[in-house]
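See below for the structure under consideration.
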Amino acid sequence: MGEKYITVVEAYDKQLVKTVNEKIKEGYEPYGDLVIAFNEAGAIKSFIQVMMLKD
């Protein structure tokens, strides 16, 4: 069994959607809001989604 709490981190929004959908098929559910991390210059660095494994 996988970890109950994971974070999915991707550089591109479309890749995040793909990965999150794959994790949903594995039994995870998105938890909380999507987080967007920025670099020092203000450009988007990564998209982050916390996910929890369903009981």
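The values are calculated or read from the model by the stated rules, or taken from the named source; none is laboratory data. Every value quoted in this text rests on a predicted model; they were computed, and no experiment measured them. Cβ: placed from backbone, ideal geometry, glycine included. Neighbour counts: every protein chain shown. To get the accessible areas, we keep the full protein, side chains included, count just its heavy atoms, and leave off ligands, DNA and RNA. Shrake-Rupley method; radii C 1.70, N 1.55, O 1.52, S 1.80 Å.
The Rg/Rh ratio for the chain, using Cα coordinates for both the radius of gyration and the Kirkwood hydrodynamic radius, is 1.03. Per residue, the accessible area of the chain comes to 77 Å², computed with a 1.4 Å probe over protein heavy atoms only. This model, with +1 at the C-beta of Lys and Arg and -1 at the C-beta of Asp and Glu, gives the chain a dipole about its Cα centre of some 120 debye. Exposed loop positions in the chain were taken to be trypsin sites (Lys or Arg not before Pro) whose DSSP state is not H, G, I, E or B and which have at most 15 other beta-carbon atoms within 10 angstrom. Between these positions, the longest stretch is 5-53. Against the main long axis of the alpha-carbon atoms of the chain, helix 13-25 sits at an angle near 10°.
With the helix formula -39500 (n - 2.57) applied to DSSP H stretches of n ≥ 4, the chain reaches a computed 222 nm mean residue ellipticity of -7500 deg cm²/dmol. Taking 0.36 nm per residue of separation and subtracting the Cα-Cα distance, full extension of the segment from Y31 to Q15 would add 4.0 nm. Taking the charge dipole of the chain about its Cα centre, with +1 at Lys and Arg Cβ atoms and -1 at Asp and Glu Cβ atoms, the residue from Q15, G32, M51 reaching farthest to the positive side is Q15.
If you filter the chain for GluC sites (Glu not before Pro), then keep DSSP loop positions with at most 10 other Cβ within 10 Å, what is left?
E3, E40
Of the solvent-accessible surface of the chain, computed with a 1.4 Å probe over protein heavy atoms with every protein chain present, carbon and sulfur atoms account for 54 percent.
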